[in-house]
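Notes follow the structure.
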Amino acid sequence: MTLSTAQRQALSWTALCAGLAAVLWLLAPVLTPFVIASGLAYVLHPLVDRLARLGVPRLLAVVLVEFAALLLGLALVLLVVPVLARELPLIQVHLPQMLDRLDHSLEPLLAGLGLKFSLNIEALKAWLSGLFDSHGSDWASAAMHSARIGGSALLSVLGNAVLVPVVLFYLLADWSNLVARAQGLVPPRLRPTVHSFLGECDTMLGQYLRGQVLVMVLMALFYSAGLALARFELALPLGVFTGLAIAVPYVGFGIGLVLSLLAALLQFGSLVGVASVVAVYALGQVLEGFFLTPRLVGERIGLSPLAVIFALLAFGQLFGFVGVLIALPASAVTVVALRRARTAYLSSRLYLG
């Protein structure tokens with residue numbers, strides 16, 4: 001059987017794509033810092049280009065933008081980590097008392113409704129105590145094991161922490177040349193189609209990122225201000241964390257809500273204080289879901305929250321942490337490809353008969 005030229009070209013491109021996917025899967029642990037740096041470079045290079053157009057030397061612009069990004073990342077870490085370090089031991093100490101108060105509050109309330117219900121407080125306390133103790137011993141044993149084998153995990157984290165800024169610097173400094181070289185690898189006959197396709201992907205992804213960042217900033221301000229009005233001591237760190245964590249739809253919001261509820265139980269010790277925190281988060285969810293996200297991100301982008309969650313889970317399952325990093329750009333490319341495939345199908349002989 002003799003293949004036509006078009007069939008041979010299709011098979012060649014399919015084999016090339018399969019080979020690239022296999023390389024990505026095999027080298028996933030090694031590629032992690034490069035993928036992180038590439039994603040950051042894609043987000044930050046417009047700022048570098050803007051500073052360069054204003055007359056700032058490009059290398060100086062790269063240094064300024066990267067330094068500002070590193071400071072922002074460090075500030076977020078220093079904002080959240082102390083909260084966790086403070087709250088987890090307090091939760092372990094005060095959780096039994098909270099369970100007792102919960103049981104004493106629920107039992108008469110349910111009895112008034114004709115329901116006989118009682119928590120097995122002692123069993124629940126024993127289970128939670130074992131959970132905290134086992135996790136603590138697991139973490140300690142894991143740390144000791146890592147230290148005995150040379151601290152490989154710690155060295156890996158430190159290596160990535162050093163390597164990502166270095167790779168990011170070189171990518172930002174030479175971004176235009178790298179893009180031009182990549183475009184030069186496309187066969188001349190395919191360049192109009194490929195450039196149009198990638199341009200549409202870039203536009204959609206850029207709109208999504210800019211809109212999502214604006215939503216995150218506004219929600220961080222809202223949660224911080226709302227929790228502060230509720231006289232919540234950790235309003236700033238947990239408000240900022242929740243606002244930025246909504247980048248992962250529902251999951252980030254859920255984590256922020258759980259952390260705030262636990263901290264509210266420790267601070268207020270009553271359902272009234274906890275209810276005020278719940279009211280702030282409920283209002284924030286309505287504000288984000290019905291007003292900010294539709295207006296600032298827009299349905300025309302085509303990346304719904306469910307699509308983002310599915311992309312994160314699917315790519316994470318296939319490629320691990322690297323898959324999580326590439327899930328958003330890969331899903332944007334997929335959406336654009338599906339749109340074009342649908343347009344081609346609707347104008348084809350197969351559809352029109």
Check: Taking the stated definitions as given, is Gly353 modelled with pLDDT of 75 or more and more than 30 Å from Gly199 (Cβ to Cβ)?
Finding: no
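Quick check: anything in the range 120-141 charged (D, E, K, R) and at pLDDT 80 or above?
From the range 120-141, those charged (D, E, K, R) are 122, 125, 133, 138; that's our starting set.
Right, trim to at pLDDT 80 or above and you get none.
The answer is no, given that none of the residues of the range 120-141 is charged (D, E, K, R) and at pLDDT 80 or above.
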Check: Any idea which of (1) loosely packed, with under 14 Cβ neighbours inside 10 Å; (2) β-branched (Val, Ile, Thr); (3) under 27 Å from Gly256 (Cα atoms) is the one Val30 doesn't satisfy?
Finding: (3)
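Taking the conditions exactly as written (over 17 Å from Val166 (Cβ atoms), modelled with pLDDT of 70 or more, under 19 Å from the mean Cα position of the chain (by Cα) and of a type outside the set (D, E, K, R)), does Val35 satisfy them or not?
On the way: over 17 Å from Val166 (Cβ atoms): no; modelled with pLDDT of 70 or more: yes; under 19 Å from the mean Cα position of the chain (by Cα): yes; of a type outside the set (D, E, K, R): yes.
No; evaluated as a whole, the condition is false for this residue.
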Margin query: When you check Pro188 against the structure, is it surrounded by fewer than 12 Cβ atoms within 10 Å (Cβ to Cβ), out of contact with any Cys (no Cβ under 9 Å at 6 or more places or on another chain) and either more than 25 Å from Arg58 (Cα to Cα) or hydrophobic (A, V, I, L, M, F, W, C) (or both), yes or no?
Written below: yes
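Of all residues in the range 265-278 being touching a residue at least 24 places away in the same chain (Cβ under 8 Å) and among the aliphatic types (A, V, I, L, M), which is surrounded by the most Cβ atoms within 10 Å (Cβ to Cβ)?
Of the residues in the range 265-278, the ones touching a residue at least 24 places away in the same chain (Cβ under 8 Å) are 265-267, 269, 271, 273, 276-277.
So of that shortlist, the ones also among the aliphatic types (A, V, I, L, M) come out as 265-266, 271, 277.
Values: Leu265: 22, Leu266: 18, Leu271: 14, Val277: 24.
So the residue we want is Val277.
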Notebook entry, point to check: Pick from Thr242, Thr203: which is out of contact with any strand residue (DSSP E or B) (no Cβ under 8 Å at 6 or more places or on another chain) and surrounded by 15 or more Cβ atoms within 10 Å (Cβ to Cβ)?
Noted result: Thr242
Next item on the list: Keeping to the range 223-264, report how many residues are outside any loop (DSSP other than H, G, I, E, B), of a type in the set (Phe, Trp, Tyr) and touching a residue at least 40 places away in the same chain (Cβ under 8 Å).
Entry: 2
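Taking the condition part of a helix (DSSP H, G or I), buried (at least 16 other Cβ atoms within 10 Å of the Cβ) and modelled with pLDDT under 90, does Val48 pass? Let's see the steps before the verdict.
Values: part of a helix (DSSP H, G or I): yes; buried (at least 16 other Cβ atoms within 10 Å of the Cβ): yes; modelled with pLDDT under 90: no.
When the stated conditions are applied, Val48 does not pass them.
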Margin query: Tell me whether the range 213-234 contains one or more residues that are at pLDDT below 85 and within 23 Å of Leu296 (Cβ to Cβ).
Written below: yes
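The values are calculated or read from the model by the stated rules, or taken from the named source; none is laboratory data. Quick caveat, the model's predicted, so the values are computed rather than measured. Virtual Cβ from ideal backbone geometry, glycine too; neighbours counted across all protein chains shown.
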